[in-house]
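The structure appears below as structure tokens.
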Amino acid sequence: MADKYLSLVNSPVGAAVASRIGLPRPAVLRRFRPGDPLLPGPVLLGATPGEPTPELTGLVAGTGAEVTELDGPDVRYGALIFDARAVATPGDLAGFQAFFTGRLRRLLPSGRVLVLGLPADGGDVVVDASRQALDGIVRSLAKELRRGATANLLLVQDEASLPSALRFFLSGRSAYVDGQSVRLGTGVAAEPADRDRPLAGKTALVTGAARGIGAAIAGVLARDGAHVVVADLPAAGEALAEVANRLRGTTLHLDVASAEAPQRLLAYLAAHTDGLDILIHNAGITRDKLLANMSPEHWAAVMAVNLESQLRIDAALLGSDQLRDQARVVCLSSTTGLAGNRGQTNYGATKAGVIGLVRSSAAAFAAHGNSTINAIAPGFIDTEMTARMPLATREVARRLSSLQQAGLPIDVAEAVGWLSSPGAGGVNGQVLRVCGQNLVGA
Ligand code: NAD
């Protein structure tokens, strides 16, 4: 469902009219394209208190970004990276004002602000309060940025996954991730031999892959080098075969909610693969009704597909010899699971449940050969699921984010690709929102 309003306000006449009468003017986002530079311009580093370290400068340069020391009214930046890991008092936070004021207006369209901090860890109260303040700065700044620029916070408990996180958050792969914080913890995070094909040699399985977000995820995993098994309902067989043909993948007809799904999946893996490296729990349905009008069938169907299937399949995999070491599991949640949504108590229950599942099972996956499990919470993404919404509701929902537009399936897929990569081994039990910082609350 093309966003005609976005095209209109990016035409010369439309832009002038929108600006005169104060309508939102969403920017065309700079998304990843193979061969393009990582960023639209150079990176300037700052820090508080003190100066950026040579180690950080080296890490940023290692992503392929151009690090500059040039400053002045005519210099434009592709990204401003600010190291606030040494913040220990509220006074240290003044360094933000000193660095950003005067430079933010020189951030290029689709530029990046990336802040590095440490998580509040229950130690000294002054330190914890000052560290937590970073969250408020970044979320507020993200709401101030325009022209497709984003701001995000990396909480760097351990540097193992910092290189891959820098590459993801600086690049167009994170175009629709805005105003978020991600904790980088300990884990085995290997830098891939070939950055263009970080998943070479891996076997991935994506549920609900016949269309929409699932098909886009399968596309990114295949582009990044994985052999992809695309799974969906038998009724979606034709569309599924097309996806598989396009990606040189394999089809698996599987109703994830069926009683025999976990055992069928294990049998398939045993017969056709050397084990599974990457599992994406994407299959999901909605059966929206106010709770006052909800039928038991609608409640049960959503629970079975969106949550119970994931619990049962994960348990079966962990109890089998079909899940390889350093495996990656990514589960599709939703901002509805974080903020709630009218008419979606059943769906919201399952999407919040997925977050509980991920947090609770992170340790078990870590114990399984340093594997990880994370959730992605998409906001409003243009797919067949959201195309079914009434026109006016859809148009309003599209604008209710800092980026003033819906995301595309590829935006969710790129985030899944990062969390599935060997470099993201320090990210475990996390929820990453891909929502353009939508304004639904929570
Ligand atoms: P979609 O309806 O376009 O596609 C879902 C796919 O899952 C379909 O191919 C369908 O056949 C398959 N499926 C449904 N039940 C299945 C089952 N029992 N077994 C196997 N496959 C099954 O949906 P989408 O918009 O691409 O959403 C994908 C995921 O992202 C879902 O989990 C959804 O809840 C989540 N999500 C979507 C949005 C959005 O804005 N589109 C927002 C937040 C979260």
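Couple of notes before you dig in:
- Residue list for region 24-80, filter: free of Cβ contacts under 8 Å to residues at least 60 places away in the same chain, among the β-branched types (Val, Ile, Thr) and closer than 27 Å to Arg197 by Cβ: Val67
- Unique residue being within 13 Å of the ligand (Cβ to nearest atom) and assigned to a helix (DSSP H, G or I) when the list is Gly356, Gly348: Gly348
- Screening Ser320 against (1) among the polar types (S, T, N, Q); (2) modelled with pLDDT of 95 or more; (3) more than 30 Å from Pro198 (Cβ to Cβ) leaves a single unmet condition, (3).
- The residue pairs whose first member lies in region 313-331 and is within 13 Å of Thr207 (Cβ to Cβ), whose second member is among the β-branched types (Val, Ile, Thr) and surrounded by fewer than 21 Cβ atoms within 10 Å (Cβ to Cβ), and whose beta carbons are closer than 9 Å, counting only pairs six or more residues apart or on different chains, are Cys331/Ile355.
- Residue match in region 288-299 (condition: more than 28 Å from the chain's Cα centre (by Cα), within 16 Å of the ligand (Cβ to nearest atom), among the aliphatic types (A, V, I, L, M) and open to solvent by 60 Å² or more (accessible area, probe 1.4 Å)): no
- Single match in Ala392, Ala367, Ala375 (criterion: closer than 28 Å to Glu159 by Cβ, open to solvent by 30 Å² or more (accessible area, probe 1.4 Å) and either within 14 Å of the ligand (Cβ to nearest atom) or without any contact (Cβ under 8 Å) to a residue 24 or more places away in the chain (or both)): Ala367
- Across region 409-442, the number of residues qualifying as among the polar types (S, T, N, Q) and open to solvent by less than 30 Å² (accessible area, probe 1.4 Å) comes to 4.
- Complete set of residues in region 395-408 that are within 12 Å of the ligand (Cβ to nearest atom) and surrounded by fewer than 21 Cβ atoms within 10 Å (Cβ to Cβ): Ala397, Leu408
- Segments classed as helices (runs of 4 or more DSSP H), wholly inside region 118-226, with at least 1 members that are of a type outside the set (Lys, Arg) and within 16 Å of the ligand (Cβ to nearest atom): 212-223
- Residues satisfying the stated conditions in region 235-252, i.e. open to solvent by less than 80 Å² (accessible area, probe 1.4 Å) and either polar (S, T, N, Q) or under 14 Å from Ala283 (Cβ atoms) (or both): Ala236, Ala239, Leu240, Val243, Thr250, Thr251, Leu252
- Candidates are the residues of region 270-279 that are more than 14 Å from the ligand (Cβ to nearest atom) and in contact (Cβ under 8 Å) with a residue 60 or more places away in the chain; the one that is surrounded by the fewest Cβ atoms within 10 Å (Cβ to Cβ) is Asp274.
The rows are residues; the columns are (1) in contact with a Lys or Arg (Cβ under 6 Å, 6 or more places away or on another chain); (2) open to solvent by 50 Å² or more (accessible area, probe 1.4 Å); (3) assigned to a loop (DSSP other than H, G, I, E, B).
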| residue | (1), (2), (3) |
| --- | --- |
| Glu55 | no, yes, no |
| Ile81 | no, no, no |
| Ala86 | no, yes, yes |
| Gly95 | no, no, no |
| Phe99 | no, no, no |
| Gly102 | no, yes, yes |
| Gly111 | no, no, no |
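- Residue in region 258-268 that is within 11 Å of the ligand (Cβ to nearest atom), farther than 24 Å from Ala387 by Cβ and free of Cβ contacts under 8 Å to residues at least 24 places away in the same chain present: yes
The values are calculated or read from the model by the stated rules, or taken from the named source; none is laboratory data. All of these numbers come straight from a predicted model, not from anything done at the bench. Virtual Cβ from ideal backbone geometry, glycine too; neighbours counted across all protein chains shown. The accessibility values were calculated without ligands, DNA or RNA, using every heavy atom of the protein model including side chains. Shrake-Rupley method; radii C 1.70, N 1.55, O 1.52, S 1.80 Å.
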